[in-house]
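Below: one structure, written as structure tokens.
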Amino acid sequence: MRASGLRRRVFGLAAALALLAGSGVAAADTAGSGLRWTGAWAASPQQANPPIFEPDWSQAGFADQSVRQIVRLSTGGPTVRIRLSNAYGKAPLRLAGATVARAGTGAAVQPGSVRHLTFGHQRAAEIPAGGELASDPALLWTAPLERLAVTLYFAEPTGPATYHWFASATSYRAAGDHRADPEATAFTETTRSWYYLAGVDVGGVLPQDAVVAFGDSITDGAGSTVDADNRYPDDLAERLAAAGRPRGVLNEGIGGNRVLNDSPCFGERATKRFQRDALDQPGVRTVIVLEGINDIGASDRGEFECFTPRPEVTAAQLIAGHRELIAQARSRGLKVIGATLLPYKGAMYYSERGEAVRDEVNSWIRTSGEYDAVVDLDRATADPADPDTLRPAYDSGDHLHPNDAGYHAMAEAFDLSAL
């Protein structure tokens, strides 16, 4: 596009936003059809489950309740929308209303920032069983690394909720309709899961590229400080923003997830969910794959029912699974980066047999040339005195998941130009 034409489009969008920014409502695409959407935050949907490690609200769902969820965007823009998922619902989901606002402290939001969202120009919406729905654009300027509060109000019983069980973040619940309430007082209940919220996107006239971080609990941020946004994709987004190159970095990790086998607790296998959770994300151009340690460890942990079925997985089978992910990404013209599996000696499901499989898979990732690029997270986090073990300064305590310092080291291992 010529520079004069681009200036006209930017000016037109800015003028429309300036006219409507104080209205406190979401708008349809009044700036024209030129809005380009980029994922700025995401979470992989999962089916409702009995509490895995701590109580959550997924099985009971919601009725005449408001749920406020705090997310941090990896990039910003002049407009914002949310995406809601009813992927595992058995019936249509009826949403009475939703808002987005700048987050304050705890469940509070910044006064004057609340925007009522619409869906097809209506505040209420219905999402079919198995479906997903995006809101209309909301006129709210956002910056990279800004925190937003998304509040959903369900007047009718929802039944079991599609959710993301391991959030490393606090969500809040209030009785009644508090979607526009700037105060935290009514939000007296908390949990560490996200509900129905699958994505937050930013829109503008200029395209932005997004990076999907795809994986298991190490991508999901297990072992990081709750509400501190210290997962490795968060730290990667911070590096990009600090370099003056903010981009969407979308966390599509699921704790316990495996490459080759579904789990009753930990989601569908990577090769099955890859299209929905990675390839179909708005603006995605690059995908990072860090997954396989649960396939290895589940073979040696028979008493944990969440790891059923649990066939003994070989390196050749895992490599075949990675090749399938690579092929899926290439079919969409995306760049795909392979990450080596982190050390796990001393973890609850460690075995010498599993270590041999991990070594073989890591050697293939490093040397095969089948990934477009490689980030060696194994070497970035290993203890120099025992390379099969996490460096003590990076260990959250279970010898499997890094702590905040370990996740920071993982993010530092990336060559930003490769993204």
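The values are calculated or read from the model by the stated rules, or taken from the named source; none is laboratory data. Every value quoted in this text rests on a predicted model; they were computed, and no experiment measured them. When we count neighbours, we look across all protein chains shown, and the Cβ atoms used for this are built from the backbone with ideal geometry, even at glycine.
For segment 237-253, check the following and say yes or no: at least one residue is of a type in the set (A, V, I, L, M, F, W, C), in contact (Cβ under 8 Å) with a residue 24 or more places away in the chain, touching a Pro at 6+ places or on another chain (Cβ under 6 Å) and farther than 20 Å from W194 by Cα. Scanning segment 237-253 turns up at least one residue that is of a type in the set (A, V, I, L, M, F, W, C), in contact (Cβ under 8 Å) with a residue 24 or more places away in the chain, touching a Pro at 6+ places or on another chain (Cβ under 6 Å) and farther than 20 Å from W194 by Cα.
All told, A174 falls short of being within 18 Å of the chain's Cα centre (by Cα) and of a type in the set (A, V, I, L, M, F, W, C). Test A174 against the criterion of being closer than 25 Å to I52 by Cα and either outside any strand (DSSP E or B) or not assigned by TED's automatic domain parsing to the domain that holds R102 (or both), and give yes or no. Answer is no for this residue. Please verify whether segment 251-261 includes one or more residues that are in the same structural domain as Y371 (by TED's automatic domain parsing), within 21 Å of A143 (Cβ to Cβ) and either at pLDDT below 95 or crowded, with 24+ Cβ neighbours inside 10 Å (or both). Looking through segment 251-261, at least one residue is in the same structural domain as Y371 (by TED's automatic domain parsing), within 21 Å of A143 (Cβ to Cβ) and either at pLDDT below 95 or crowded, with 24+ Cβ neighbours inside 10 Å (or both). The residue that is surrounded by the most Cβ atoms within 10 Å (Cβ to Cβ), counting only those in segment 263-308 that are of a type in the set (D, E) and in contact (Cβ under 8 Å) with a residue 24 or more places away in the chain, is D295.
For the subset of segment 90-108 comprising residues that are in contact with a Lys or Arg (Cβ under 6 Å, 6 or more places away or on another chain) and not small (G, A, S), which member is nearest to A149 (Cα to Cα)? This residue is V100. Screening G104, G131, G97 for residues that are of a type in the set (G, A, S) and over 29 Å from A237 (Cβ atoms) leaves exactly one candidate, G97.
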